[in-house]
1. Would you confirm whether or not segment 61-75 contains a residue that is surrounded by fewer than 13 Cβ atoms within 10 Å (Cβ to Cβ), small (Gly, Ala, Ser) and over 26 Å from ALA111 (Cα atoms)?
2. Please go through segment 34-51 and give me each residue that is closer than 18 Å to THR193 by Cα and surrounded by fewer than 22 Cβ atoms within 10 Å (Cβ to Cβ), ordered by number.
3. Does GLY66 count as of a type outside the set (Lys, Arg) and modelled with pLDDT under 90?
4. Can you tell me which of (1) of a type outside the set (S, T, N, Q); (2) under 29 Å from SER5 (Cβ atoms); (3) in contact (Cβ under 8 Å) with a residue 24 or more places away in the chain; (4) in a helix (DSSP H, G or I) is the one LYS79 doesn't meet?
5. Give LEU142, LEU183, LEU123, LEU108 a once-over and let me know the one that is among the hydrophobic types (A, V, I, L, M, F, W, C), surrounded by fewer than 23 Cβ atoms within 10 Å (Cβ to Cβ) and closer than 30 Å to ILE222 by Cβ.
6. Tell me, please, whether a residue that is within 30 Å of VAL24 (Cα to Cα), modelled with pLDDT under 90 and not small (Gly, Ala, Ser) can be found in segment 91-105.
7. Condition test on ALA125, is it more than 20 Å from the chain's Cα centre (by Cα) and over 30 Å from ILE7 (Cα atoms)?
8. Are there any pairs, at least 6 apart or on different chains, whose C-beta atoms fall under 9 Å, with the first in segment 88-111 and farther than 14 Å from GLN148 by Cβ and the second basic (Lys, Arg) and part of a loop (DSSP other than H, G, I, E, B), and if so, which?
Amino acid sequence: MIEISHITKTYGKKKNAFTALNDVSFTIPDGASVAVVGRSGSGKSTLMHAMSGLDRPEAGEVVIDGDNILTFKQKDVDKFRSNEMAFIFQSFFVQANESCYNNVSLPLEIARVPMRRRRTKILKALEAVGLTDKAKSRARDLSGGQKQRLAIARAIVNEPTILFADEPTGNLDSVTGTQIEELLFSYNREHGTTLIIVTHDHEMAKKCDMQIHIKDGKIESIEGGVKS
């Protein structure tokens with residue numbers, strides 16, 4: 001379970017201060033699919049960064065399975081994130097000159113997974129996204145949809161308990177975007193991974209178990225969940 005309690009995040013100082021998140025609280029059950037919905041500048045990405053420990057808010061708690069990760073030392077937050085979380089972004093962020101195999105291997109290297117265990121996990125992840133035949137291909141030679149599938153393979157290779165997806169279909173056409181959506185939701189259902197999608201796409205949001213609507217740094221409404 002993820003419990004977000006009274007999170008406040010401000011950028012800048014004094015007259016230039018901007019409150020990106022203002023006393024935000026909610027709870028996400030394990031294994032849920034969740035959409036964080038709002039316009040550009042509403043605080044969606046800031047909220048994702050706070051929830052994952054990528055950014056530290058001035059106030060509040062991020063409690064995951066009983067531990068407030070905001071009390072961790074930075075190295076412990078980084079270790080927790082490496083072991084328990086994964087991220088998918090709109091811009092793919094794949095290593096263009098590396099093979100698909102090596103791209104998927106990267107999280108395992110960071111997590112110091114022994115070499116002998118990596119191959120099986122990498123091939124399993126590539127198979128899950130339909131890219132087994134592209135294992136030796138360079139990422140730069142893939143289409144946009146294939147690059148996003150590669151990004152998903154890289155994200156799921158270490159079997160995270162929480163998967164963040166920030167506008168995962170934003171750079172894709174509607175047909176390819178639908179395929180990526182189905183891939184994410186099927187992984188969520190089959191593996192019990194908590195899926196948190198940051199999006200302005202209301203149609204995608206409706207497919208989630210829970211929708212958190214945010215506006216001007218505040219929770220506007222929550223559907224399918226409990227506001228704490």
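The values are calculated or read from the model by the stated rules, or taken from the named source; none is laboratory data. Only a predicted model underlies this, so the values are computations on that prediction, with no experimental measurement involved. Note that each Cβ is placed from the backbone with ideal geometry, even for glycine, and that neighbours are counted across all protein chains shown.
1. No, the conditions are met nowhere in segment 61-75.
2. MET48
3. Details: of a type outside the set (Lys, Arg): yes; modelled with pLDDT under 90: no.
Considered against the rule, which asks whether it is of a type outside the set (Lys, Arg) and modelled with pLDDT under 90, GLY66 comes out as no.
4. (3)
5. Numbers: LEU142 fails: closer than 30 Å to ILE222 by Cβ; LEU123 fails: closer than 30 Å to ILE222 by Cβ; LEU108 fails: closer than 30 Å to ILE222 by Cβ.
Only one candidate qualifies: LEU183.
6. yes
7. Spelling it out, it is not the case that ALA125 is more than 20 Å from the chain's Cα centre (by Cα) and over 30 Å from ILE7 (Cα atoms).
8. SER99/LYS136; TYR101/LYS136
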